[in-house]
Structure formats: C-alpha cells, structure tokens
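Asks: Structure incoming, see below.
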Amino acid sequence: MQGAPASSRQVRELAVRVGGCRRTCRQDRAFLYDSWMADEFLRAAIEEANAGLREGGIPIGSVLVHRGRIIGRGHNRRVQKGSAILHAEMDALENAGRRRASVYRESILYTTLSPCAMCSGASLLYQIPRIVIGENRTFLGEEDLLRSRAVKLDVVQDETCIALMRDFIAAHPELWSEDIGG
C-alpha cells in the first residue's frame with residue numbers, strides 16, 4: 001500500500017475519520033491523501049521506535065520519504081552500537097544511502113520525537129523541507145531553528161509517541177539524559 005494513491009472508497013472512509021468533511025471528497029482528496037500517507041509513515045516511524053526499544057535502546061524512530069515511498073528508515077541505536085551519533089533521524093539518513101541533493105530537497109522526514117540540535121542540523125544540511133514530528137511534549141528540540149530556516153513542521157502529538165517516551169524517560173532517566181546531552 002506504500003505510495004499507492006488513495007481509492008475513492010479510501011478517501012470517503014478517511015473523510016469520516018478526519019472529522020466528517022462537509023465538502024465533497026474530490027475537493028478534499030489532496031488533504032485526505034496527505035493525511036492518510038502521513039499516518040502510514042508515522043506508523044512506520046513508530047515501528048522503528050518499537051524496534052529500538054526491543055533491542056534495549058531508546059524508543060525513537062524515523063523514516064525518510066521521497067515521493068510517497070520510504071527510502072530510509074532507522075531508530076536510535078546509540079546504546080546498541082555504542083555510538084555517539086546514531087539518533088533515529090541520523091540512522092534513517094544513513095540507511096537512505098547516498099542520494100542526489102534534489103532527492104533530499106523533495107523528501108519528508110518523519111520522526112517520533114522533536115529533532116535535537118544534531119538531527120535538526122542534518123536536516124538543514126540536506127535541505128529537507130518538511131518534518132512530521134510525532135510529539136514534542138517530552139522533549140522540545142530545535143523546532144524554532146528549523147522554522148527560522150523555512151522548514152515546514154507538522155507536530156502531531158501522537159499519543160503512542162508520547163507514551164513511548166514518557167514511559168522510557170521514567171524508567172531510564174540517566175540513559176535519556178546521556179542520549180540528549182543533559
């Protein structure tokens with residue numbers, strides 16, 4: 001289903017889920033398709049976060065999407081790899097491999113948590129124009145910096161993302177502090 005356009009039936013179903021749009025589905029198709037894809041890609045980032053947690057790491061996940069297709073996915077692997085820099089966004093960029101600059105400029109980064117200074121810097125370096133953030137309640141990263149550089153941020157406040165980090169931080173405050181440079 002990844003990257004597949006929404007069928008008319010899916011668009012109608014999404015209209016009901018999104019809040020009972022009063023306009024015709026045809027008028028709202030672009031919005032609904034975008035919402036449907038955002039949900040799919042945020043779910044993929046959450047799957048990555050859960051993979052990190054299962055491996056004994058910090059539950060933050062990310063995917064890089066180009067033209068409706070995941071080209072890189074990753075999760076925080078600092079603990080698992082003994083790495084200083086393998087945050088989820090960095091892992092997703094690394095796993096996307098070497099790409100033309102134009103690919104990054106046409107991509108969207110999905111992440112379960114507000115990006116830290118390092119991950120925000122990498123997003124700016126590669127000129128990624130949009131970042132979908134699962135939540136910023138447990139940690140507020142460099143969102144002001146990203147906005148000041150014209151990066152479009154969509155903060156979802158997804159309950160799963162919030163619960164993952166809230167529970168992890170409560171259970172492992174020292175590890176969280178180490179990861180975020182506290």
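Asks: Please work out the C-alpha center-to-center distance from region 131-182 to region 70-122 and express it in whole Å.
Replies: One Cα centre to the other: 14 Å.
Asks: How much solvent-accessible surface does Arg105 expose, in Å² to the nearest 10, with a 1.4 Å probe and all protein chains in place?
Replies: Approximately 120 Å² for this residue.
Asks: I would also like to ask the following. With all protein chains present, how much of the accessible area of region 114-182 (probe radius 1.4 Å) comes from carbon and sulfur, to the nearest whole percent?
Replies: 53
Asks: Give me the Debye-computed log₁₀ of I(q)/I(0) at q = 0.12, 0.15 Å⁻¹ for region 26-182, equal point scatterers on Cα only, no solvent, two decimals.
Replies: The Cα Debye sum returns log10 ratios of -0.46, -0.72.
Asks: Here's another thing I want to ask about it. Express the accessible area of region 27-182 per residue in Å², computed with a 1.4 Å probe while the remaining protein chains stay in the model. It would help to have the intermediate numbers written out before the result.
Replies: Details: 7460 Å² over 156 residues.
In whole numbers, region 27-182 has 48 Å² accessible per residue.
The values are calculated or read from the model by the stated rules, or taken from the named source; none is laboratory data. Quantities reported herein were computed from a predicted structural model and do not represent experimental measurements. Side chains included, ligands, DNA and RNA excluded: accessible areas come from the protein's heavy atoms. Shrake-Rupley method; radii C 1.70, N 1.55, O 1.52, S 1.80 Å.
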